[in-house]
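Remarks on the structure that follows.
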Amino acid sequence: YQYRLKQIDFDGTFEYSKIVEAEILPPGKFSLEQNFPNPFNPSTKISWQSPVNSHQTLKIYDVLGNEVAILVNEYRTAGKYEAEFNASNLSSGIYYYKITAGEFVQTRKMILLK
């Protein structure tokens, strides 16, 4: 990407900066972040990144391993993503969220406090 800045003075005159180049690279590794906030009530955000195009699933499980929600189940390009989980219909307790992207699988724990 290329951009330049425009400086406007109080008298109305303006001047452009030199062209600046910025390179935006896709993520270099898989990553599943800790949800925020944690503990949460009733909603939280889950972020992850994938360096490859792949079918991705993000599922929520209760402490017994029962699937309680599917937040993502689709093909996505490489990049950074975020999903919001609303647990207003669930009871307080420990839940797990699991990302599957290609061969990458990771699970983290979160706590719902009502």
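The values are calculated or read from the model by the stated rules, or taken from the named source; none is laboratory data. As the structure is a prediction and not an experimental result, all values here were calculated from the model. Backbone-built Cβ (ideal geometry, glycine too); neighbour counts: all protein chains shown. Please note that ligands, DNA and RNA were not included when accessible areas were found on the heavy atoms of the full protein model with its side chains. Shrake-Rupley method; radii C 1.70, N 1.55, O 1.52, S 1.80 Å.
Things worth noting here:
- Restricting segment 1-103 to chymotrypsin sites (Phe, Trp or Tyr not before Pro) in coil, as DSSP defines it, with at most 15 other Cβ within 10 Å: TYR1, PHE10
- Nearest-10 value in Å² for the accessible area of LEU113, using the 1.4 Å probe: 100
- Ordering LYS45, LYS80 by accessible surface, largest first, gives LYS80, LYS45; the 1.4 Å probe counts only protein heavy atoms, with every chain in place.
- Pairs of lysines in the chain whose Cα atoms sit within less than 23 Å of one another amount to 19, provided the residues are eight or more positions apart or on different chains.
- For the chain, the Rg and Dmax computed from alpha carbons only, in angstrom: 20.5, 68
- Stretching the chain fully between PHE36 and GLU84 yields a gain of 16.3 nm (0.36 nm per residue, less the alpha carbon separation).
- Only one residue of LEU90, SER17, ILE70 has its Cα farthest out toward the positive end of the dipole of the chain, where Lys and Arg carry +1 and Asp and Glu -1 on Cβ, and that residue is LEU90.
- Loop GluC sites (Glu not before Pro), segment 1-31 (other Cβ atoms within 10 Å of the site Cβ: 15 or fewer; DSSP): GLU23
- Of all accessible heavy-atom area on the chain, the percent that carbon and sulfur account for (1.4 Å): 51
- Gain in span if fully extended, LYS45 to GLU67, counting 0.36 nm per residue against the direct Cα distance: 6.1 nm
- The residues of segment 9-58 expose on average 69 square angstrom of accessible surface per residue, using a 1.4 Å probe on protein heavy atoms.
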